[in-house]
1. Using DSSP to call loops (not H, G, I, E or B), can you name the trypsin sites (Lys or Arg not before Pro) in the stretch 151-254 whose Cβ has at most 10 other Cβ atoms within 10 angstrom?
2. Roughly what would the spin-label model give for Gln3 and Glu195, points 7 Å off Cα along C-beta, in nm?
3. Taking chymotrypsin sites (Phe, Trp or Tyr not before Pro) as candidate sites, keep only those in a DSSP loop with at most 16 other Cβ atoms within 10 Å, then name the longest stretch of the chain containing none of them.
4. I'd like to know how the stretch 23-114 sits against the 2.2 N^0.38 Å rule of thumb: what's its Cα Rg over that expected value?
5. Per 10 Å bin, what is the whole-percent P(r) computed from every C-alpha pair distance within the chain?
6. In Å, what is the Rg of the alpha-carbon atoms in the stretch 38-193, and how long is Dmax?
7. Give the peptides 11-23, 130-142 in descending order of average Cβ contacts within 10 Å, highest first.
8. Between the stretch 75-121 and the stretch 1-35, how many Å separate their Cα centres?
Amino acid sequence: MAQPREWVGIQQFPSATQSRLHELLGKLKQENVNTLTILVMGKGGVGKSSTVNSIIGERVMAVSAFQSEGPRPVMVSRTRAGFTLNIIDTPGLVEGGYVNDQALELIKRFLLDKTIDVLLYVDRLDSYRVDNLDKQIVRAITDSFGKGIWKRGMVVLTHAQLTPPDSLTYEDFFSRRSEALLKVVRQGARINKQEVQGFPIPIELVENSGRCNKNDFDEKILPNGTAWISNLVNTITEVALNGSKPILVDKKLIEGPNPNERGKMFIPLILAFQYFFVINGIKGWIRDDEALETRSAWEDRD
Ligand code: GDP
Ligand code: MG
C-alpha cells in the first residue's frame with residue numbers, strides 16, 4: 001500500500017484544537033498505539049462522510065444531501081509525527097427500508113485483514129424517533145463483527161446545533177434522544193442489563209455545518225459551549241485505550257459462522273452427549289424394569 005499522506009488538515013484547525021489533538025496523539029503513542037483505525041457506519045445521509053471530513057480537517061469525502069454515495073467503503077490515511085490515522089467511511093446500511101446486507105458484505109470484504117480500533121455509529125441528533133430498523137442495523141453490525149465491537153463502539157450524533165422542540169432544554173432533549181438510541185443499540189447488540197457496564201458506548205455530539213458557532217479561540221462549539229472536534233477525538237482516544245480487544249477482521253470472521261452464534265456449532269455434540277447419557281440411561285432403566293418384571297412374573301407363576 002502507498003505511504004499514507006501527511007496529515008496536513010490538522011494545521012487547518014485553530015491552534016487550541018491543534019494542541020489538544022497533538023496532546024491526544026501523544027497519549028496514544030505513550031500507550032504504544034501508533035495507528036488508529038476508525039470505522040464509520042450508519043444509515044445514509046446522517047453525516048458520516050461530513051464527520052470524516054471534520055475529523056481529518058480536509059474535504060476528502062464527497063458529501064451529498066441527495067444520497068448518491070458510492071457503493072464501496074473508502075479509507076483515508078494520514079500520518080502525523082509517526083502516528084497514522086485511518087478512517088474508513090462506508091455507504092449507508094439501509095436500502096428501501098431494510099438493512100442492505102450486500103453493502104455490509106462489501107464492507108466486511110473491504111475490512112479483511114484490517115483491525116478496527118474504534119467504531120463510530122453515526123446518527124442525527126435531530127431525529128425524533130428510533131424504530132425497529134435502527135435495531136436491525138445494530139444487529140447486522142453485531143452479527144458481522146461480533147458483540148465485542150460494541151466495547152470499541154461509540155455513538156456520534158450529528159446536526160447537534162439545534163433548538164429543541166416543545167420547550168425542552170437542550171440537555172433534556174439530548175438525554176432523551178441518547179437514551180432512546182442507546183436502548184435500541186443495546187437491544188440490537190444483545191447487551192443485557194448485567195452486561196451494560198462492560199459496554200459503556202459513549203455518545204458524542206457533532207455539528208458539521210459551516211454555520212457552526214465558534215468560541216473565542218475560533219473552535220467550533222456545540223450549543224453547550226463544548227469544542228466538539230477535540231472533544232470527539234478525546235473520546236475516540238478513550239475508547240481506543242479502554243483495555244478491550246480491537247476487532248481483527250480475518251477470514252474466519254468474514255466467512256465463518258456468525259461470530260455470535262459459534263456456540264451453535266456444539267449443538268450436534270450436545271445432542272450426541274444427550275443421546276449417550278440420557279437415552280442410554282433410560283434404556284438402562286427399561287432393561288432393569290424388564291428384568292424385574294420377568295422375575296416377578298416368574299415368582300408369580302411359582
Ligand atoms: P452520509 O450519507 O452519512 O455520508 O452523509 P453526508 O455526510 O453526505 O451528509 C448528508 C447531508 O447532511 C449533506 O448535505 C451534509 O452537508 C449534511 N450534514 C452532515 N452533517 C451535518 C451536520 O452536522 N449539520 C448539518 N446542518 N448538516 C449536516
Ligand atoms: Mg457518505
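None of the figures in this text is laboratory data; all of them are computed from the coordinates on show. None of these values were measured; they are calculated from a predicted model. In this analysis, Cβ positions are derived from the backbone assuming ideal geometry, glycine residues included, and neighbour counts consider all displayed protein chains.
1. Details: sites: Lys151, Arg152, Arg176, Arg177, Lys183, Arg186, Arg190, Lys193, Arg211, Lys214, Lys220, Lys251, Lys252; in loops: Arg152, Arg190, Arg211.
Of the trypsin sites (Lys or Arg not before Pro), the ones in loops of the stretch 151-254 whose Cβ has at most 10 other Cβ atoms within 10 Å are Arg211.
2. So the two model labels end up 4.4 nm from each other.
3. Numbers: sites that count: Phe66, Tyr128, Phe217.
Between exposed loop sites, the widest span is 129-216.
4. Values: Rg = 14.6 Å, N = 92, 2.2 N^0.38 = 12.3 Å.
Against the empirical 2.2 N^0.38 Å value, I get 1.19 for the stretch 23-114.
5. The percentages, shortest bin first, are 6, 24, 31, 18, 6, 4, 4, 3, 2, 1, 0.
6. Taking only Cα atoms of the stretch 38-193, I get Rg and Dmax of 15.7, 49 Å.
7. Working: 11-23: 15.5, 130-142: 18.9.
My ranking of the peptides, most packed first, is 130-142, 11-23.
8. Going from one Cα centre to the other spans 20 Å.
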